Amino acid sequence: MASAPLLVDMGYFLLGVHFEAAWPSGTECIAKYNFHGTAEQDLPFCKGDVLTIVAVTKDPNWYKAKNKVGREGIIPANYVQKREGVKAGTKLSLMP
């Protein structure tokens, strides 16, 4: 018997495997590793760079993103993490 997807913390489980939900356009993310790219459409970046998701691609392992100077290209989803807000005292701060 096939199991239906179960929504859990912006991700879901299907047959015991966890999948992250796609990040919407405008989501900021932080590079976890350097990415040099190998194809013309790739967007190279360095660890710690802030990138903004522009669109989800047909392949869920890749996003179209732009860097701080506005250059756009394709990035690997597993090389970035969502930029999260953390509360420090009474102020909200965006942490890389």
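So is THR27 surrounded by 12 or more Cβ atoms within 10 Å (Cβ to Cβ) and either at positive phi or not aliphatic (A, V, I, L, M) (or both) or not? Yes, satisfied. Considering only residues in region 49-82 that are among the acidic types (Asp, Glu) and touching a strand residue (DSSP E or B) at 6+ places or on another chain (Cβ under 7 Å), the one that is surrounded by the fewest Cβ atoms within 10 Å (Cβ to Cβ) turns out to be GLU72. What pairs can you find where one residue is in region 40-56 and on the phi > 0 side of the Ramachandran plot, the other is part of a loop (DSSP other than H, G, I, E, B) and loosely packed, with under 15 Cβ neighbours inside 10 Å, and their Cβ atoms are less than 9 Å apart, with a gap of 6+ or different chains? Here the result reads GLY48/LYS32; GLY48/PRO96, each pair linking region 40-56 to a residue that is part of a loop (DSSP other than H, G, I, E, B) and loosely packed, with under 15 Cβ neighbours inside 10 Å. Scanning region 46-96 for residues that are at pLDDT below 90, among the small types (Gly, Ala, Ser) and assigned to a strand (DSSP E or B) yields GLY85, ALA88, SER93.
The values are calculated or read from the model by the stated rules, or taken from the named source; none is laboratory data. None of these values were measured; they are calculated from a predicted model. Counting neighbours? That spans all protein chains shown, and the Cβs are built from the backbone with ideal geometry, glycine included.
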